[in-house]
Amino acid sequence: MQKCNAQGPSFSPQLVSTIDLLDSYSTSIAHDRQRAASRSHYTLSSAKMSLDPPTYLNSLQNNIRARPIPWEGAVRAGTITDNDLKRIKAVDKVRKEQRKQTVEGDTEAYRSLLLGGNQGKSVLESAAKRADVIQYMLVLSGDLINGMPPQ
């Protein structure tokens, strides 16, 4: 449950635990990529392709991806906006190449969806009381980030 205080929103222990798990995974992958890239017989691209996520985390992400999310109900309840829903559906459960083209076609809109900005809150802020939506959006965010070429 989200509470507002002087430092900003605070989130449920379950959500914090999920975020911490995903953060530790991404940190671990980044360190593994750096170590592999520093070896003379590896390149960064080969290191990226050779690193598999931990089995537990991969299983958890697949479990979250498979969960049905009542997106239309979330719009009716005011948890997310209709525009948020359109952007989510445009990149959810589609081929990687189509997802990449969609995000590259409207990078600012997807940045705003995930991070918020002048147009309003991010989906993560808007859905702070819905752990299922937060978890799904964190996994989808990871998929979006992993599907984009490095800048």
Do you know which residues across region 137-150 are modelled with pLDDT of 90 or more and touching a helix residue (DSSP H, G or I) at 6+ places or on another chain (Cβ under 6 Å)?
Met137, Leu138, Val139, Ser141
Within region 97-123, how many residues turn out to be under 14 Å from the mean Cα position of the chain (by Cα) and on the phi > 0 side of the Ramachandran plot?
1
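When region 95-131 is examined, which residues are found to be of a type in the set (A, V, I, L, M) and crowded, with 19+ Cβ neighbours inside 10 Å? Walk me through how you get there before you give the answer.
Our first condition is that a residue be of a type in the set (A, V, I, L, M); within region 95-131, this holds for 103, 109, 113-115, 123-124, 127-128, 131.
Scanning region 95-131 gives Val103, Leu113, Val123, Leu124, Ala127, Ala128.
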In the set Thr55, Thr102, the lone residue that is at pLDDT 90 or above and polar (S, T, N, Q) is Thr102
Quick check on this structure: which one of Lys129, Lys86 is over 13 Å from the mean Cα position of the chain (by Cα), under 14 Å from Ala74 (Cβ atoms) and at pLDDT 95 or above?
Lys86
Pair list, Cβ < 7 Å and 6+ apart or interchain, from region 90-109 residues that are without any contact (Cβ under 8 Å) to a residue 40 or more places away in the chain to residues that are assigned to a helix (DSSP H, G or I) and among the small types (Gly, Ala, Ser):
Thr102/Ala90
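The values are calculated or read from the model by the stated rules, or taken from the named source; none is laboratory data. These numbers come from a predicted model, not from an experiment. Because the Cβ atoms are built from the backbone with ideal geometry, glycine has one as well, and the counts that use them run over all protein chains shown.
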